[in-house]
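Peer 1: For reference, the structure I am asking about is given below.
The values are calculated or read from the model by the stated rules, or taken from the named source; none is laboratory data. Bear in mind that the values here come from a model prediction, so they are computed numbers and not experimental data. Positions of Cβ are generated from backbone atoms using ideal geometry, with glycine treated the same way; all protein chains shown enter the neighbour counts.
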Amino acid sequence: MEKEVLEHKNKEAGTRKKSFINVKFDKFLGSVIDIAYSKDKYIERWLIILLVIGFILRLIASLNLGVLADDMVYASQSAGIWSAKILSTHSNPPLFFYLTDLSYKTFGYTTFASRFWALIPGTLLIFLSFLISKRLFNKEIALFTAFFVTFSTFLIRMSFTEMSLLVLFFSMFGVYSGMLFLESRKNKFLFLSAFSFGLGVLTKYNAPFFIIAFLVYSVYFLKDKKEKIVTKKNIYQLTAFLAIIFVFALPFLAFNYLLYKDRGLTDVYFSRIIQTEKTQEFYAGLAGQERSFFDNALNFDSYGNTTLVYRSDLILFIFAVLA
């Protein structure tokens with residue numbers, strides 16, 4: 001009798017599971033048909049086309065571009081890092097290297113595997129740029145934004161073994177999630193934003209600059225809505241936001257602390273913040289090592305590349321002037 005009851009319950013559970021899957025599949029199929037044929041969904045159709053084109057362009061680039069110095073270093077440095085179990089590397093936080101080694105284990109030691117984590121996030125940036133622009137403006141402008149991201153020669157060229165596209169994806173997803181939080185005040189979006197920014201911090205050292213930019217935008221958003229900026233709730237939420245990001249920073253912070261304690265050294269970028277005689281001697285000859293981070297930040301010559309957009313992307317420059 002007990003056996004029959006158990007079988008009956010299992011059968012009911014299986015039926016409910018199948019029913020749930022069927023409902024979800026029907027909704028998905030209905031959404032696909034709606035996008036394909038609805039007159040009101042033409043922007044979504046164009047966005048899908050841009051995503052396909054963007055993926056193809058980046059796939060061609062990732063399989064055919066020649067290697068650069070960083071490309072060779074990061075591709076080889078990633079191999080076997082899961083077995084090594086190191087906290088960080090000599091130049092950047094460890095996440096990208098662990099992910100690249102994971103793609104080696106999945107796809108083998110190929111060019112595609114080494115550039116997988118530039119290809120996929122690089123393509124998804126098209127969709128993210130659409131979502132962010134839609135919240136700031138409207139769907140039409142968002143589609144134009146996605147168009148420029150799709151055909152950006154710079155972003156296509158970055159489809160090699162380097163973490164810039166991955167950190168840009170995490171940071172932009174953090175921005176988008178943060179925008180959802182500011183509009184809804186739902187903590188799940190706050191945690192999602194902090195989690196995404198944390199992954200960015202664990203990927204590359206320039207992620208904190210995106211976080212600062214988002215916090216500046218948050219102040220502007222609250223002022224525009226005529227809300228109080230300094231409140232107990234805002235302070236609590238900001239503390240939780242930064243605390244989550246700090247947890248993601250612990251591996252490379254611990255790595256630099258232990259390395260400094262044991263050898264008197266830090267990684268390359270920390271050595272430009274904490275310049276000691278030993279680090280300067282160890283990293284002598286590396287470009288930019290003669291100046292500290294703060295020297296570079298306060299030196300006008302460091303900002304020479306701000307003119308690059310005038311020479312390399314005239315169309316975007318014209319749009320920027322119009323804006």
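Peer 1: Give the residue that is modelled with the highest pLDDT, with candidates limited to residues of the range 42-80 that are under 25 Å from Leu102 (Cβ atoms) and acidic (Asp, Glu).
Peer 2: Only one residue tops the list, namely Asp71.
Peer 1: Name the residues in the range 49-84 that are part of a helix (DSSP H, G or I), farther than 15 Å from Leu119 by Cα and of a type in the set (Gly, Ala, Ser), would you?
Peer 2: Ala69, Ser76, Ser78, Ser83, Ala84
Peer 1: Go through the range 188-204 and give me each residue that's touching a residue at least 40 places away in the same chain (Cβ under 8 Å) and either part of a helix (DSSP H, G or I) or surrounded by 24 or more Cβ atoms within 10 Å (Cβ to Cβ) (or both).
Peer 2: Result: Leu190, Phe191, Ser193, Ala194, Phe195, Phe197, Gly198, Leu199, Val201, Leu202, Thr203.
Listed here are the residues, each with its yes/no results for (1) surrounded by 15 or more Cβ atoms within 10 Å (Cβ to Cβ); (2) in a loop (DSSP other than H, G, I, E, B); (3) modelled with pLDDT of 75 or more.
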{"site": "Ile244", "(1), (2), (3)": "yes, no, yes"}
{"site": "Tyr260", "(1), (2), (3)": "yes, no, yes"}
{"site": "Asp267", "(1), (2), (3)": "yes, yes, yes"}
{"site": "Val309", "(1), (2), (3)": "no, no, no"}
{"site": "Val321", "(1), (2), (3)": "no, no, yes"}
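Peer 1: In addition: Residues of the range 123-157 being within 17 Å of the chain's Cα centre (by Cα) and of a type in the set (Phe, Trp, Tyr), which ones?
Peer 2: Answer for the range 123-157, where residues must be within 17 Å of the chain's Cα centre (by Cα) and of a type in the set (Phe, Trp, Tyr): Phe127, Phe130, Phe154.
Peer 1: A further question follows. With more than 15 Å from Thr161 (Cβ to Cβ) and β-branched (Val, Ile, Thr) as the only criterion, which of Ile81, Ile120, Ile60 stands out?
Peer 2: Answer to the check: Ile60.
Peer 1: Mind listing whichever residues of the range 269-288 are over 25 Å from the mean Cα position of the chain (by Cα) and either on the phi > 0 side of the Ramachandran plot or part of a loop (DSSP other than H, G, I, E, B) (or both)?
Peer 2: Ile274, Gln275, Thr276, Tyr283, Ala284, Gly285, Leu286, Ala287, Gly288
Peer 1: Let me ask something else. Picking from Val67, Val52, which residue would you name as being touching a residue at least 12 places away in the same chain (Cβ under 8 Å), out of contact with any helix residue (DSSP H, G or I) (no Cβ under 7 Å at 6 or more places or on another chain), more than 26 Å from Asn256 (Cβ to Cβ) and surrounded by fewer than 17 Cβ atoms within 10 Å (Cβ to Cβ)?
Peer 2: Checking each option against the conditions leaves just Val67.
Peer 1: Let me ask you something else. Could you count how many residues in the range 189-220 are farther than 17 Å from Leu253 by Cβ and among the polar types (S, T, N, Q)?
Peer 2: Going through the range 189-220 one residue at a time, the tally reaches 3.
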